[in-house]
Amino acid sequence: MEDWNVICPTQENEEDSCYGIPLLGFVLCLAEVVDLVNRRLFEHHLKVAYLAFRLGEVLGFPEQSLRDLLIGGLLHDIGAFSLLERLDALHFEFRNPHHHAFVGYVLLKDFGPFASLAEVIRCHHLPWEEGRGRTAPLESHVIHFADRVSIVCSFQEDPLGEIREREPFFRSFVPRLFHPEVFEAFRKLLSKDYVWFDLASPRLRHIVHGLVPPGKLCLNVEDFLRFCRVIAHLVDFRSAFTATHSAGVAYTARRLGELTGLPRGEHELIFAAGLLHDLGKIAVPVEILEKPGPLTEKEIRVMKSHAYYTFAALSWIQNLKDVALWASEHHERCNGQGYPFGRTREELLFESRVMAVADVFVALSEDRPYRPALRPQRIREILGDMANLGGLDADVVAMLLDHFDEIHASCREVQEQSVLEYAAFRQETIRFTE
Ligand SMILES: [Fe+2]
Ligand SMILES: [Fe+2]
Ligand SMILES: [Fe+2]
Ligand SMILES: [Fe+2]
């Protein structure tokens, strides 16, 4: 794409700088949002990624495998959609551990840069079973071990004492649950005090971020867009009610961007922002997303937090500052009555106002747990009212209403494609559901 330089400043030192989107930073943000769904999960992915990486170093893993351990550790539980499933996995031995592992695999397997990593995630709860687990990649056994250490140890007051005290407990599961070589690597790490202090450190995020030079893990623009689609599936496929949402918003925002004369270089970027706009919903329990009745006050607050978390996740990523704003301001209103910032029309970027219109339009044309999709005439009326009351940008709404039939029909086509993808996803993962 010729306009990639819009978000990619030229860098001198290839080793230390990233020409595209820094993958590790992006995945770190994603992992943090996934763990925000409950306090008890705080930094779970971060700890697993760090420990798996250190174990991989002791095992002499090559660079590619260490990368898979790091990114795999950060994403290993992304297939656990419900809060119940996430909390279940906090028990040392729990029911049906393979469902979320397989869902994670299905979400990631078609994304080229993550192909080997998807297989690692698929097997991350397979026990060693005296060698019968050798069909799984060794990386999976490493993540499995790091995961179980992370849920047993708190790494708070006395990390060195805690881990040494727990050693006999972990040993008692070798070789039924844990790979003997992984356990041996763990024993070697026991004398490395810094590893356990790192795990207890409030700077763990920065430590993990520094494990790989940024230039080593970079997404070019095509892979960035493909990764955004993976994230959109991760956000949308948590519930049948949202299965087509991000794809619809991305399409509508790009079309409105074209019609309102955004520079060509921004068309794919606003599309990406549409795919990412509800990323923060990963921090909202699926039980709230799917609640059929009205939400309580507290549930509404939790739901609204997603716009902030989209911002928190994306805003500091190098080369993504504008996209982060366009994505996270989709619930802002021109009259200042939106959230999470309460910005006014003058303070909002034009692209953010486009995103807000696209989001409302698509939401109205979708089924919700508490109401069916609205008819085109009703959608027109609501959009018109919101523009008249100063909530939505009147010029953008006028453009949408001028091209309503075309955008409505094309958006439906895009969403029908998403319905098919969602059906295939459900079909593929259903066999692991109890
Ligand atoms: Fe897991
Ligand atoms: Fe886990
Ligand atoms: Fe939203
Ligand atoms: Fe949305």
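The values are calculated or read from the model by the stated rules, or taken from the named source; none is laboratory data. Owing to the predicted nature of the structure, the values given are computational and were not obtained by experimental measurement. Cβ: placed from backbone, ideal geometry, glycine included. Neighbour counts: every protein chain shown. Only protein heavy atoms, including side chains, enter the accessible area calculation; ligands, DNA and RNA are left aside. Shrake-Rupley method; radii C 1.70, N 1.55, O 1.52, S 1.80 Å.
Key figures
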read-out: The chain - charge dipole about Cα centre, Lys and Arg +1 at Cβ, Asp and Glu -1, debye rounded to 20; value: 1140
read-out: Projected label distance in nm at residue 209 and residue 363, using a 7 Å step from Cα toward the beta-carbon; value: 3.1
read-out: Candidate residues 172, 328: accessible-area rank, largest first, probe 1.4 Å; value: 172, 328
read-out: Added length on full extension, which subtracts the Cα-Cα distance from 0.36 nm per residue, residue 416 to residue 135; value: 97.4 nm
read-out: Residues of type lysines that residue 298 reaches as a straight line, Cα spacing below 17 Å, ignoring anything fewer than 8 places off in the same chain; value: 281
read-out: Cut-off under 5 Å, modelled amide H: who pairs with residue 219 long-range; value: 20, 21, 23
read-out: Region 157-171-region 310-372 distance, computed between alpha-carbon centres (Å); value: 46
read-out: Partner lysines for residue 47 [C-alpha distance under 19 Å; skip if fewer than 8 residues away on the same chain]; value: 188, 192
read-out: Highest-fluctuation residue, 389, 401, 90 considered, GNM on the chain with Cα pairs under 10 Å; value: 389
read-out: Anisotropy class of region 220-432 from Cα gyration tensor, a/c 1.5 cut; value: rounded
read-out: Charge sum, other residues only, whose C-beta stays under 14 Å from residue 158's C-beta, Lys/Arg counted +1 and Asp/Glu -1; value: -2
read-out: Helix-only [θ]222 nm of the chain, DSSP H runs n ≥ 4, -39500 (n - 2.57) each, per residue, nearest 500; value: -18000 deg cm²/dmol
read-out: Cα shape, region 309-367, gyration tensor, a/c 1.5 rule; value: oblate
read-out: Heavy atoms of residue 295: accessible area, 1.4 Å probe, square angstrom to 10; value: 50
read-out: Inter-site label distance for residue 409 and residue 95 at 7 Å from Cα along Cβ, in nm; value: 4.9
read-out: The chain shape via C-alpha gyration tensor axes, a/c threshold 1.5; value: prolate
read-out: The chain - percent relative contact order, Cα under 8 Å, separation 6 or more; value: 18
read-out: DSSP loop trypsin sites (Lys or Arg not before Pro) with at most 15 other Cβ within 10 Å: longest gap in the chain; value: 204-434
read-out: Percentage relative contact order, region 49-181, counting C-alpha pairs under 8 Å, at least six apart; value: 24
read-out: Förster radius 25 Å - calculated FRET efficiency between residue 158 and residue 188 (Cβ-Cβ, nearest 0.05); value: 0.75
read-out: 10 Å Cβ shell holding at most 14 others, DSSP loop, chymotrypsin sites (Phe, Trp or Tyr not before Pro): longest site-free stretch of the chain; value: 95-315
